[in-house]
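*Asks:* Here you go, one structure.
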Amino acid sequence: MKVLLIMAALSASLTGCAVAPWERGNLAKPQMALDLYPMQTELRGHGYGSREAAGAGSAGKGGGCGCY
C-alpha cells in the first residue's frame with residue numbers, strides 16, 4: 001500500500017511541471033535565453049567549421065576560406 005502511495009505521489013509531482021500561461025512571459029525575456037548572442041555563435045561556428053572542417057551537424061564544410 002505504501003509503495004502505491006509513493007508511486008502516485010511521484011507520478012503527480014513529475015507530471016505537474018507545466019508552465020502556467022501567465023508565467024510564460026517571464027520565460028520569453030531575453031535574459032532567460034541560453035545563448036545571449038545566437039547569431040554571433042552561429043557565425044563563429046561557421047568560421048571554425050570552415051577552417052577545421054569539423055562541424056557538428058550543420059552544413060557541408062569548406063576548405064578554409066570561410067564561405068559556404
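*Asks:* Full-extension gain between Arg51 and Tyr37, please, as 0.36 nm times their residue separation minus the C-alpha to C-alpha distance.
*Replies:* Taking 0.36 nm per residue and subtracting the Cα distance, the gain is 2.9 nm.
*Asks:* In nm, what is the difference between 0.36 nm times the number of residues separating Leu27 and Val3 and their Cα-Cα distance?
*Replies:* Working: separation 24, 0.36 × 24 = 8.64 nm, distance 3.61 nm.
Result: 5.0 nm gained on full extension.
Quick note: the coordinates plus some simple rules give every number you see, no bench work behind them. It should be emphasised that the depicted structure is a prediction, and the values quoted were computed from it without experimental measurement.
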